[in-house]
Amino acid sequence: MPYVNGFLVPVPADKKDEYRDVAEKFWDIARDYGALSHVEAWEIDVKDGQWTDFRKAVDLKDGEKVVFSWMTWPDKETADASEARMMADERMKQWGDGAAMPFDGKRMVFGGFEPIVWKEA
């Protein structure tokens, strides 16, 4: 059964191009370890919720945008087995300890999901 890793990421609006560059490079690594697809979606129309919303989920600060992202895998086993291998990949060293990333990883929200509906045209 397909498996989805989902992410919400707070990104400074002026770091959009840098973030895109990181995402493009990360896709090259994930694809090599079995990922099937990768989508990074930049906030355009995100409404404030009464109790919770995307912004609250990542404690969004002034000048930041929310990125809604997901990566698909053939199954959970492939995703799980790939995680450690991707982190050990030499290409990951380009980002060091992550401190120079164009987003605050401490406020990123992520999780793994099993699709219950999947439709495509």
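The values are calculated or read from the model by the stated rules, or taken from the named source; none is laboratory data. Since this is a predicted model, take the numbers as computed values, not measurements. Glycine also receives a Cβ, built like all others from the backbone with ideal geometry; neighbour counts cover every protein chain displayed. Ligands, DNA and RNA are stripped out before the accessible areas are found, and what is left, the full protein with its side chains, is counted by its heavy atoms. Shrake-Rupley method; radii C 1.70, N 1.55, O 1.52, S 1.80 Å.
Things worth noting here:
- Each residue, Glu120 and Ala57, gets one label point 7 Å from its Cα in the Cβ direction; the gap between the two is 2.3 nm.
- Share of pairwise Cα separations in the stretch 26-81, more than 13 Å, in percent: 67
- In the structure shown, the pairs Lys61/Lys93; Lys25/Lys56; Lys15/Lys106 are assessed against 24 Å; a Cα-Cα span above that value is assigned to Lys61/Lys93; Lys25/Lys56.
- Accessible-area composition of the chain, carbon plus sulfur, in percent [1.4 Å probe]: 55
- Met87, Met1, Met71, ranked by accessible area, largest first (probe 1.4 Å): Met1, Met87, Met71
- Volume per residue of the C-alpha convex hull in the chain, rounded to whole Å³: 132
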